[in-house]
Every structure is written in C-alpha cells, then in structure tokens.
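Any read-out appearing in this document is the output of simple, stated calculations on the displayed coordinates, not a laboratory observation. Because the structure is a prediction, the values reported are computed rather than measured. Cβ placement follows ideal geometry from the backbone for every residue including glycine, while neighbour counts extend to all protein chains displayed.
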Amino acid sequence: MNRQIYILNGPNLNLLGQREPEIYGHETLTDVELRCAAIAGPRGVQIRLLQSNHEGQLIDWIHEARHAACGIVINPAAFTHTSVAILDALNAFEGPVIEVHISNVHKREAFRHHSYVSARAEGVIAGLGIEGYEAATRRVLTLVGA
Ligand code: CA2
C-alpha cells in the first residue's frame with residue numbers, strides 16, 4: 001500500500017486564513033497540513049497537501065495519486081459545483097475519497113447545494129471548518145486499515 005494521502009484543494013483556497021475569516025476561519029492550508037500530518041504520521045502515513053487554481057492541474061494530481069496515494073481528501077472548492085472532469089478523474093482512482101467543505105454549503109446559496117464529486121466520495125464533510133480535513137484524514141486511515 002502507498003503510505004501517502006493526497007489532500008487536494010481547489011481554486012482560491014490559497015487565500016485561506018487571509019480573507020473572509022467569518023466564513024473560512026483564520027487558519028491556513030499550512031495549518032491544515034500540520035494538523036493532518038499529526039494524525040497520519042504516527043500511523044506511518046505521509047500527507048501531501050496540494051492546492052491549485054487550475055482544474056487541469058487538480059486532475060493531473062488525481063491521476064498521479066493513482067500510483068502514489070492510498071486515499072484522497074479533496075476540497076474541490078468552486079469546481080465541486082461544476083466539474084464533471086474532476087468526477088471522471090476521481091472515478092479512475094481506486095482508493096477511498098473523502099470530500100471536504102470548510103463551510104456548510106447547504107446553508108449557503110442554492111448553487112452550492114449540488115456536488116458532482118459527492119457521487120464518487122465515500123464520505124462528505126461540510127461545515128466543520130478545517131477540522132473537517134482532520135476527520136477526513138482519520139476516515140481514510142480507517143478505510144485503508146492504516
Ligand atoms: O466551504 C468550502 O470549503 C468551499 O469548497 C469553498 C469554496 C466554495 O466555492 C464552495 O462552495 C465551498 C470557495 C473557496 C474559496 O476560498 C477562500 C478562502 C479564503 C478567502 C477567500 C476564498
């Protein structure tokens with residue numbers, strides 16, 4: 001088994017902790033990486049946290065994960081609501097996929113209520129802030145038996 005979890009983040013999440021703290025909180029993607037590594041590390045699993053504003057780059061990383069990762073945690077951000085291409089890429093990945101949203105998308109605008117990715121995900125977490133990434137990491141570890 002590849003002892004690595006990919007944590008993929010979509011557009012604008014590079015701004016996490018810098019803008020709109022009332023929705024997304026004060027912590028950054030570096031904080032997410034440190035928190036998840038603290039959970040996975042003692043179980044012998046590495047975290048590779050990546051962020052891109054480009055759909056094709058996220059798809060390339062999902063393809064790379066097919067050979068490099070035992071599971072994927074993904075916050076596709078706005079691509080959640082638009083991208084059949086990301087869904088197709090995830091369908092080619094054999095391990096567990098957990099979808100994370102920092103905010104509760106169901107409490108927000110109607111266009112955020114539908115996710116293409118949820119059709120593939122083993123689990124969906126929304127509204128737990130960045131703690132959602134920690135819960136998702138724990139779930140992947142459980143599902144792969146690490
Ligand atoms: O709640 C989430 O995690 C979202 O995936 C975030 C996306 C949004 O389009 C989804 O509907 C729900 C937006 C990410 C933008 O991230 C920012 C972070 C800080 C400041 C500005 C944007």
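One table, with the values for the structure above:
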| read-out | value |
| --- | --- |
| Total charge dipole magnitude, the chain, about the Cα centre, Cβ charges on Lys, Arg, Asp, Glu only, Debye to nearest 20 | 280 |
| Mean shadow area of region 12-127, taken as a quarter of the surface of its Cα convex hull (nm²) | 7.0 |
| Segments 133-141, 9-17 sorted - mean Cβ within 10 Å per residue, highest first | 133-141, 9-17 |
| Global form of region 63-146, assessed from the alpha-carbon gyration tensor, a/c cut-off 1.5 | oblate |
| Ranked packing of 110-122, 55-67, most packed first, by mean Cβ within 10 Å | 55-67, 110-122 |
| Region 105-137 and region 1-66: distance between their alpha carbon centers, rounded to Å | 14 |
